[in-house]
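What follows draws every value from the coordinates through simple rules; no lab data is involved. Quantities reported herein were computed from a predicted structural model and do not represent experimental measurements. Here the Cβ positions follow ideal geometry from the backbone for every residue, glycine too, while neighbour counts run over all protein chains shown.
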Amino acid sequence: MSSSHGRRRIESEAVGTGFQIAPMIDVVFVIMLFFMVMANSVKVEHELKTVLPGPPSGMVVDTSEELRIEIADDGAVLMNDEEYDSASDTTLPALTASLIRLKKDADFRNERVVVTLQTEEQARYERIIQVMNALAAAKIAFVTFTIGSEGF
């Protein structure tokens, strides 16, 4: 009796060792059903309407009217390498008139005037203020400053 009992155990193990395809087909169908249902809920990305910081869309910014005003140690004032007024003239009438004309011309073209004020290290502060007064008379607001003898 003991020998037949051992034989049945071997036969039962041999039956369960085969590859079962039916559960695999069930799993594949469930996965396929999941993806078919989820395919309808996928949202298509659209282009985002973003506004970047910068000048208003109606204003055209062109820095082609970039001026360089140099102030030398002796008080000489040069705009784009051309000397204006004498070193002793405190009101700078030629420089002021030229700046006003350039500003009006740039306003007519809807551009802005950008000025770089370059001074020598030993230039007098009084002369720098006189040039800044000429810029203020021309209503030029975009001014940057550099110190040194890069352009001389």
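Summary table
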quantity	calculated
Partners for Lys104 among lysines (Cα-Cα distance below 29 Å; same-chain residues under 8 apart left out)	Lys139
Estimated FRET transfer efficiency (Met132, Glu45; beta-carbon r; R0 35 Å; 0.05)	0.10
FRET efficiency, 1/(1 + (r/R0)^6) with R0 41 Å, evaluated for Ser88 and Leu52 via beta carbons	0.25
Potential extension, Ala76-Glu121 segment - 0.36 nm per residue separation minus Cα distance	14.8 nm
Segment 87-141: C-alpha gyration tensor shape, a/c 1.5 cut-off, then a/b vs b/c	prolate
